[in-house]
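The values are calculated or read from the model by the stated rules, or taken from the named source; none is laboratory data. Predicted model only: the values in this text are computed from it and were never measured. Methodologically, a virtual Cβ is constructed for each residue, glycine included, from the backbone with ideal geometry; neighbour enumeration extends over all protein chains shown. We work out accessible area using only protein heavy atoms, side chains counted, and drop any ligands, DNA or RNA first. Shrake-Rupley method; radii C 1.70, N 1.55, O 1.52, S 1.80 Å.
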Amino acid sequence: MSEQTVGVSAAPVTTIANLGTHEGASVTLHAWLYNLRASGKLLFPIFRDGTGTVQGIVPKAAVSLEIFETIRHLTQESSVIVTGKVRSDVRAPGGFELDVENIEVIQRVSEDDPFPITLKEHGVDFLMEHRHLWIRTPRQSAILRIRAETIKAARDYLDDNGFILTDSPILTPAACEGTSTLFPVKYFGEEAYLTQSGQLYIESTALALGKVYSFGPTFRAEKSKTRRHLTEFWMVEPEIAFCGLDGLMELAENFVSFIVERVLTRRASELKVIGRDIAKLEVVKAPFPRLSYDDAAKMLDEAFTKGLIEQKFEYGNDFGSPDETYISSQFDRPVMVHRYPAAVKAFYMEPDPIDAKYALCVDVLAPEGYGEVIGGSQRISSYDLLKQRIEDNKLPLEAFQWYLDLRRYGSVPHSGFGMGIERVVAWVCALDHVRETIPFARTLNRIYP
Ligand code: 4AD
Ligand code: MG
């Protein structure tokens, strides 16, 4: 980033994250007051600028009375341009402190209407109600930086490995992931839906371009309140022509390993701010363990017999959150569960040629109880079978004619998966709930702010 000279002094403008390159020199920060401590003739303002926080030191004797009094009466989240000399201090969280020389207040927050989020504990409802302000806190901004890095890593991996970005429409005429979670919208007198997944469209671009992906918001009217579900979430979906389930699992483990490694190297300081145990992330390296649905079901049976889990797993069902949590707790890295019963999975999945009762699909379950981060499959390539499945699922055949065309004209085995960004960030950051992984979460009972 280029450094310019504006504000109260000739000192170069920099960021808190960049203080290390200015040790011993005076710099200018564009910042907000995060906290202020006073101890007699010493003031300790803590500034934040979105890249980090730094403690300032203001001895009364070192600055003019006006500057001292200005800082002494500064209120939390007042915006400032502050100049000071960078001094290294091993005890400081970022390694540096600022000997304040000058300050210009841009907007002083009135004490009659103070910043609502104090350094005390607040309830989650209060924080979500003030999400537009909550994101200023160091922990929340660190999470948002890790989210951005996760997205960039995902895109870089795919861009650098021959995948072409092909965007899918947001307004769609049909369901992809079941009709019960569709969000309808009026479309000039007709009914349309917000997309649940770009998959059907990238199947067509994969047959046009070979290896493709889509990345964008997806929507599901999830009626249950869980810590893993949003109604609006961002999904990255690679799709590959001439690829089967094995190739897809290889992509999944390499993709996830790359993303975790990237966050570890580029967002080390943010992981530190949020207190993440990085040893748990450092072991996330391909290959990942692979487990068939049947073996996972056996594992749950044994755990129930030994009294390790409370709920008996009914063979043939999809795994619930507690089941996923138990399965993933048996491994130190993500586990790839493959070949679920076709009956519990989506209509488009290719049956296993060895036993058509199973689907050629895979769910990647994150460690530490974070559950499914990736869901994917090989797609049905036979026209007749796909048409049958559409009818069996009572989906409107008319809306799927174009999708059936992909099996009429040069059909090939092809596979893809979807990775939910928020689920990955929740796991990488070890968060209790996905609502903190996105700037403005949309859930069953919240669409404000
Ligand atoms: O397993 P899902 O439903 O798979 C699909 O949508 C496929 N069409 C994707 C594909 O094959 N191209 O969703 C994929 C991933 C899940 O593993 C999860 O990470 C995330 O999307 N996800 C959600 N994340 C947050 N809130 C929700 N309500 C989510 N539903 C799915
Ligand atoms: Mg799934």
Per DSSP H run of n ≥ 4, the term is -39500 (n - 2.57); total these for the chain, divide by its residue number, and report the mean residue ellipticity at 222 nm rounded to 500 deg cm²/dmol. -9000 deg cm²/dmol
For the stretch 301-374, give the percent of accessible area contributed by carbon and sulfur heavy atoms, probe 1.4 Å, rounded to a whole number. 50
Any lysines whose Cα falls less than 24 Å from that of LYS186, other than same-chain ones fewer than 8 residues away, would be LYS223, LYS394
Filtered hits (lysines, Cα-Cα < 22 Å from LYS85, offset >= 8 within chain) -> LYS41, LYS60
Apply the Karplus curve 6.51 cos²θ - 1.76 cosθ + 1.60, θ = phi - 60°, to the phi angles in the stretch 126-139 and return the couplings in whole Hz, x for Gly and Pro. 4, 5, 5, 5, 10, 4, 4, 9, 4, 4, 6, 6, x, 5
Hey, can you grab everything whose amide H is under 5 Å from the amide H of GLY371? Only 5+ residues off in sequence or another chain; H modelled, so Pro and N-termini drop out. ALA366
How far is helix 245-266 tilted off the main Cα axis of the chain, in degrees rounded to 10, range 0 to 90? 0
Of all accessible surface on the stretch 4-107 at a 1.4 Å probe, what whole percent is carbon and sulfur? 53
Per residue, how many Å² of accessible area does the stretch 1-158 show with a 1.4 Å probe? 49
Taking placed amide H atoms and a strict 5 Å upper bound, the residues 5 or more places from LEU291 or on another chain that come that close are MET336, VAL337, HIS338
5 Å is the cut-off here: which amide hydrogens, built 1.01 Å from N in the peptide plane, fall below it relative to ILE164, excluding neighbours closer than 5 in sequence? LYS211, VAL212, TYR213
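Rounded if a/c is under 1.5, else prolate if a/b beats b/c, else oblate: with a ≥ b ≥ c from the C-alpha gyration tensor eigenvalues square-rooted, which is the stretch 228-329?
Oblate, since a/c reaches 1.5 and b/c is not below a/b.
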Whether the chain is rounded, prolate or oblate, judged on the alpha carbon gyration tensor where a/c under 1.5 counts as rounded: prolate
Test of the criteria: in the stretch 341-449, which chymotrypsin sites (Phe, Trp or Tyr not before Pro) are in a DSSP loop and have at most 13 other Cβ atoms within 10 angstrom of their Cβ? TYR409
Would you work out the relative contact order for the chain, in percent, from Cα pairs under 8 angstrom that are 6 or more residues apart? 13
Debye, to nearest 20: dipole size of the chain, +1 on Lys, Arg Cβ, -1 on Asp, Glu Cβ: 740
So for the stretch 4-107, averaging the separation of alpha carbon pairs under 8 Å that are six or more residues apart and normalising by length, what relative contact order in percent results? 29
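So which trypsin sites (Lys or Arg not before Pro) in the stretch 68-141 are both in a DSSP loop and have at most 10 other Cβ atoms within 10 Å of their Cβ?
Taking the stretch 68-141 and a limit of 10 other Cβ atoms within 10 Å, the loop trypsin sites (Lys or Arg not before Pro) found are ARG91, LYS120.
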Assign one of three labels to the stretch 16-153, namely rounded, prolate or oblate, based on the Cα gyration tensor with a ≥ b ≥ c the square roots of its eigenvalues; rounded applies when a/c is under 1.5, prolate when it is not and a/b is larger than b/c, and oblate otherwise. oblate
Could you tell me how many degrees, from 0 to 90 and to the nearest 10, lie between the Cα long axis of helix 199-209 and the main elongation axis, the longest principal axis, of the Cα atoms of the chain? 80
Counting pairs of alpha carbon atoms under 8 Å apart in space and at least six apart in sequence, what relative contact order in percent does the stretch 322-440 give? 22
